[in-house]
Amino acid sequence: MTHEMLIEKLKAICPDAEMQTEGKWPVLILASNEWLSCANQFRNDPVLNADYLFCLTCIDWKTHLTMVYHLSSTAHRQSFVVQVKLDRTQPEIDSVSQIWRTAEFHEREVYEMFGVQFHGHPDLRLLILPDGWEGKNPLRKDFEDPINMIKL
């Protein structure tokens, strides 16, 4: 599948998504309510066969959060990126851990570090930080570290 064919297939699956094509990988920008439906199609479509979620992270832009998912097909050797903008005051999105098992670990990390709630996650609890850190979200730009006094 050529790069252009991949872009056309992604547009067909998520026609309402904004698409950025100038980088190495196509980037789809989705609304959070479209994410789970599109994710299922990415995984189950035989042409895309996005069977590998190799990176999942979050970005704090001070005004909003953005979830970033890097997906790939191990059979077709094609990769693409999905971004989903979230409300900063109450960030929430559907979990894709039932689609890609690797998401289970990564979603726990984003929950812990950024405070994103993943609906349908089987075990959403702290991963790295000790008990008592719930809700403190140290990777958010509004986090105030009383010891190191770092301000962003």
Nitroxide proxy distance, nm - points 7 Å out along Cα→Cβ at T102 and E144 | 3.9 nm
Tell me which residues come under 5 Å, amide H to amide H, from D45 once H is placed; ignore anything under 5 positions away on its chain.
-> A50
Options (1) 1.10; (2) 1.64; (3) 1.19 - which one matches Cα Rg over 2.2 N^0.38 Å as calculated here | (1)
Roughly how many whole Å is it from the C-alpha centroid of region 114-147 to that of region 1-58?
-> 28 Å
A correct Karplus calculation of ³J(HN,Hα) over region 117-134, with 6.51 cos²θ - 1.76 cosθ + 1.60, θ = phi - 60°, whole Hz and x for Gly and Pro, returns 8, 9, 5, x, 6, x, 7, 7, 8, 4, 10, 10, 6, x, 3, x, 9, 4
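What does the net charge come to around D60 if you take all other residues with beta carbon closer than 11 Å to its beta carbon, with K and R at +1 and D and E at -1?
Working: positive: K62, R88, R140, K141; negative: D142.
Spelling it out: positives minus negatives among the neighbours equals +3.
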Apply the Karplus parameterisation 6.51 cos²θ - 1.76 cosθ + 1.60, with θ equal to phi minus 60°, to every residue of region 18-30 and state each ³J(HN,Hα) to the nearest whole Hz, in sequence, with x for glycine and proline.
-> 7, 10, 10, 10, 7, x, 5, 10, x, 10, 9, 10, 10
Among the lysines, which have Cα under 17 Å from the Cα of K136 when same-chain residues fewer than 8 positions away are ignored?
-> K62, K151
Highest mean first, what order results for 121-133, 53-65 on Cβ atoms within 10 Å?
-> 53-65, 121-133
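Each value in this text was obtained by applying a stated rule to the coordinates, not by laboratory testing. These figures come from a predicted structure and were not determined experimentally. With ideal geometry, Cβ positions are generated from the backbone for all residues, glycine too; neighbour counts draw on all protein chains shown.
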